[in-house]
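Structure record follows, encoded as structure tokens.
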Amino acid sequence: MIVTYKKMKSGFVSIVGRPNAGKSTILNTILGEKVAIVTPKPHTTTSAIIGVFNRDNLQIVFVDTPGIHKPHKAYGELMNKASYSSFLDADVVVLVVDASLPFGTGDNLIVERLPKDKPLIIVFNKIDLARFEQVKALKEKYQTLFKDAILIETSAIRNFNLDEIISEIEKLLPEGPQYYPLDMKTISDEEFIISEIIREKIIMLTKQEIPYSVAVVVRHIENKENKKEVLVDIVTEKDSQKGIIIGKGGKLIKRIRLQSEYDLNKHFRMPVKLEILVRVEENWRDNPKLIKKLGLMK
Ligand SMILES: Nc1nc2c(ncn2[C@@H]2O[C@H](COP(=O)(O)OP(=O)(O)OP(=O)(O)O)[C@@H](O)[C@H]2O)c(=O)[nH]1
Ligand SMILES: [Mg+2]
């Protein structure tokens, strides 16, 4: 048997930025597949998510990360840590900036933490919402801070200029191995996909503090012939939040279940039946041990 070694470029690219900048939208659009949930609310992504891009002789392993922010709770700190950790293995860092917002203290927080020894691409996303002068000023500010950085303007929602990100990454990556099979777009497991889809519905259907006080834990997946039955816990921090999630006469939890089942059926291409229990773990976001026990951070 003759084994041929195919010369290719490959490497790890960490996508970081403030919450809501459009990091996950950029990744999903580049891959042409939803590997990370997206909502209009900040703090949607809460852990690192791998997305693999393949093209002839090129494999980019993207790591989408939680938005970096000033944390108020242990959970927030762990989310930031997941983002900072992604720098360790990164060959290239992509910083996503919301071009429609002025430079603020939140941006400084990230600027200070960016690794100095890695190639940096700064993506000015949401240019569809930004004024020309505003983008120009923001780009000048970042170019002063990072003289060697490559600057790219994008609109992820309109799929504008995302191929430019790929071209620039390709130039920066070293020759390397194929890390993942060519047909694999993410390494997220079933449990993670199910819990994220349910979390997306909760974020969309609830207000104020509720989206962030809730964790989704998959307890059991029963794979039957042509269908899945899944037992899920929705964990809240307080009794009052449990009441809100359930809703009057169980109305809200039913909507969460039905909308989640609809997406899960599409994703797994088979019927998925959810059984959801809502329970309270007092102030779980303040308790690192509990966060780990719930399986929310590796
Ligand atoms: N107008 C506009 N909206 C965008 C663009 N890219 C993303 N969005 C929207 O911005 C919101 C946040 O997008 P996400 O992709 O979830 O942002 P994120 O940076 O991953 O956010 P976190 O995971 O919370 O850190 C969603 O409502 C997206 O539809 C864009 O280019 N233009
Ligand atoms: Mg995200």
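Bear in mind that the values in this text are calculations on the coordinates, not laboratory data. Source: prediction; values computed, not measured. Note: ideal-geometry Cβ built from the backbone for every residue, glycine included; neighbour counts use all protein chains shown.
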If every Lys and Arg gets +1 and every Asp and Glu gets -1 at its Cβ, then about the Cα centre region 149-298 yields a dipole, in debye to the nearest 20, of 940
For helix 190-205, report the angle its Cα long axis makes with the longest principal axis of the Cα atoms of the chain; keep it between 0 and 90° and round to the nearest 10°. 80
Hey, which lysines would be in cross-link range of residue 141, C-alpha to C-alpha under 21 Å, not counting anything within fewer than 8 residues on its own chain? 23, 116, 118, 126
Work out the charge dipole of region 142-209 with +1 on the Cβ of Lys and Arg and -1 on the Cβ of Asp and Glu about the Cα centre, then indicate which of 169, 187, 155 is farthest towards its positive end. 155
Starting from the Cα of residue 228, draw a straight line to each of the lysines and keep only those under 24 Å, dropping any in the same chain fewer than 8 residues away. 34, 185, 201, 251, 254, 266, 273
Cα-based reach from residue 289 at 17 Å (exclusive), listing aspartates and glutamates while leaving out same-chain residues under 8 positions away: 77, 237, 281
Based on the mean of other beta carbon atoms within 10 Å per residue, what is the order of 24-37, 242-255, most packed first? 24-37, 242-255
How far is the Cα center of region 5-21 from the Cα center of region 25-76, in Å? 10
Could you give the Stokes-Einstein D for the chain in µm² per second, using the C-alpha Kirkwood radius, 25 °C, 0.890 mPa s? 120
Take each of the peptides 8-17, 209-218, average the number of other beta-carbon atoms within 10 Å over its residues, and list them starting from the highest. 8-17, 209-218
